[in-house]
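What follows is a short report on a single structure.
Read-outs: derived from the displayed coordinates by stated rules, not from any lab. Everything numeric in this text was worked out from a predicted model, so none of it was measured. Note that each Cβ is placed from the backbone with ideal geometry, even for glycine, and that neighbours are counted across all protein chains shown.
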Amino acid sequence: MIIKPMIRNNICISSHPAGCAKTVRNQIAGVTKNLAGGRDPQSARAAAPAGSPRLVLVAGCSTGYGLASRIAAAFGYGAATVGISFEKPGSQKKPGTPGWYNNLAFDAEAARASLVSKTLDGDAFSGGMKAEAAKALRDAAAAAGIPARVDLFVYSLASPVRTDPATGITYRSVIKPIGESYSGTTLDMMSGNFTTASAESATEEEIAGTVKVMGGEDWELWIEALGGEGLLSPETRTVAYTYIGPELSWAIYKNGTIGRAKQDLERAAAVINQKGVHAWISVNKALVTRASAVIPIIPFYVSTLFKVMKEKGLHEGCIEQIVRLYGERLYSTRAAQDPAQVPVDSEGRIRIDDWEMREDVQKEVLDRMARAKPENINDLTDVVGFRHDFLEAHGFDVDGINYDADVDPSGL
Ligand SMILES: NC(=O)c1ccc[n+]([C@@H]2O[C@H](COP(=O)([O-])OP(=O)(O)OC[C@H]3O[C@@H](n4cnc5c(N)ncnc54)[C@H](O)[C@@H]3O)[C@@H](O)[C@H]2O)c1
């Protein structure tokens, strides 16, 4: 089958197996160079500071920040990894989701590098998946010859829906403002045209639903389940990701439904900490993922941000962000042995959005956004880079891939 991108309204419904596999290999190469000091995973593990992770669980392992977190743990520290995601396999007739191909590629590369990896596909919100993960963690630890104790649990789920396992009620998350409606300029990345995207103010039910799906309840349930299975230790660390961003996006993000859910995630971090597990919220940079392309204002803001950060030599993708999160925050030489040494802001959060939020970066971005028009869009913004990253997240526009070649969509 010859697979081409099929995109409408910043949503892509096809993906390319060989392109996805190449992006995974590219990320592995980046980690090997920038986190493992050019070493193979086993030598990287031997050279890593004491306290670096050996058994790692990633919920949301197949794309975006979760995939980068798994790759960096495995190829940066030689960790055995268990990953969970909810993806659609490809068939002879139809491509699967990008995350499906990414997982296949990760497992293949891990096996080639003699790393233990177990990938589970299904609903991470369910009790059944938590039990399956516990078994996979024990198996992974046995195969790697290490204690069955999770050193790091990365919680990186992004989902539109969650069924509460206690009640069977299904909740939906929405991206809406609270209190008043929102209207913001957005950018069609394929045409480079501006459009106005609007969203009505969320109802109380929608706010509560979004908190149920994207808040911290499920993260707490995971910690409880891992504790109940005897898989935690006093050294266990856990991190969940959030975004804050510039004021121009707050009406739709930070002060909207998703921001409420993220507040709840911060509440959960405090509760988990009180239970004796070292928990952090990491504030990450805005990046192009499948979900972020459909949030009003974000494609315009991110395109402009990328241009400015690239010009200043500050640009990072998911993998560079996570390399910095591990190498300079969670597992720096000092912090690897003592969690109190992890650098945090006044609210206890890890900040790897520090370069995005730098005053000079934000000032330049705002100035350019005010001046941007369809005629100067390529001069002032990096809509081309945004489009590339979006296509790449689906396995397209990847260097070295022949997109006219026949590929088998059912696997690699
Ligand atoms: N993208 C950004 O710009 C950005 C910036 C800062 C923080 N974040 C945060 O990072 C986290 C991850 O976001 P992302 O952009 O990498 O998302 P993503 O869409 O790329 O990845 C989401 C992952 O969750 C998995 N998933 C979804 N529902 C699931 C379910 N029911 N069971 C099991 N797995 C499920 C998917 O399979 C995928 O692996 C989110 O908390 C997000 O808010 C994102």
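Consider a paramagnetic label point 7 Å from the Cα of A270 along Cα→Cβ; state which residues of segment 341-385 have an amide N under 16 Å from it.
Only 345-350 pass the distance filter.
Work out how much length I2 to D404 would gain on full extension: take 0.36 nm times their residue separation and subtract the Cα-Cα distance, in nm to one decimal. Before the final figure, lay out each step's value.
Details: separation 402, 0.36 × 402 = 144.72 nm, distance 0.62 nm.
Difference between extended and current length: 144.1 nm.
Just to verify a number: FRET efficiency for D40 and T170, C-beta to C-beta distance, R0 = 35 Å, to 0.05? Present the calculation step by step, with values, prior to reporting the outcome.
Values: r = 45 Å, r/R0 = 1.28.
Computed FRET efficiency for D40 and T170 comes out at 0.20.
Could you identify which residue out of T195, T304, T289 has the top mean-square fluctuation in a GNM of the chain using Cα springs shorter than 10 Å?
Of T195, T304, T289, the most mobile in the Gaussian network model is T195.
Which of S15, S52 has the fewest other C-beta atoms within 10 Å, and how do the rest follow up to the most? Working shown, then result.
Values: S15 27, S52 22.
Ordered from fewest to most neighbouring Cβ atoms within 10 Å, S15, S52 come out as S52, S15.
Give the separation of the Cα centroids, segment 312-344 to segment 207-244, in Å.
Taking the Cα centre of each part, segment 312-344 and segment 207-244 sit 21 Å apart.
In nm, to one decimal, how far is the K312 label point from the A131 one, both placed 7 Å along Cα→Cβ?
It is 5.1 nm.
What full-extension length gain, to one decimal in nm, is calculated for R358 and D123 as 0.36 nm per residue of separation minus the Cα-Cα distance? Write out the running numbers ahead of the final one.
On the way: separation 235, 0.36 × 235 = 84.60 nm, distance 3.75 nm.
Using 0.36 nm per residue and subtracting the Cα-Cα distance, I get 80.8 nm.
If the elastic network links every pair of Cα atoms under 10 Å, which of G227, G168, G127 fluctuates the most in the Gaussian network model of the chain?
Highest fluctuation among the options: G168.
Once you place label points 7 Å from the Cα toward the Cβ at R334 and E247, how far apart are they in nm?
Each label point is offset 7 Å from its Cα along the Cβ direction, giving 3.3 nm.
Using a cut-off of 13 Å between beta-carbons, work out the net charge of the residues near E220 (Lys and Arg +1, Asp and Glu -1, E220 not included).
Working: positive: K130, K212, R267, K275; negative: D164, E217, D218, E224, D264, E266.
My count for the surroundings of E220 gives -2.
Counting other C-beta atoms within 10 Å, which of V24, V344 has the fewest, and how do the rest follow?
Details: V24 22, V344 14.
By the 10 Å Cβ count, ascending: V344, V24.
Run the helix sum for the chain: -39,500 (n - 2.57) per DSSP H stretch of 4+ residues, divided by residue count, reported at 222 nm to the nearest 500 deg cm²/dmol.
Mean residue ellipticity at 222 nm (helix-derived): -12500 deg cm²/dmol.
Could you give the length gained by full extension between K88 and V161, i.e. 0.36 nm per residue of separation minus their alpha carbon distance, to one decimal place?
On the way: separation 73, 0.36 × 73 = 26.28 nm, distance 1.58 nm.
Contour length minus Cα-Cα distance gives 24.7 nm.
Given springs between every Cα pair under 10 Å in a Gaussian network model of the chain, which of D345, D360, D151 has the largest fluctuation?
Highest fluctuation among the options: D345.
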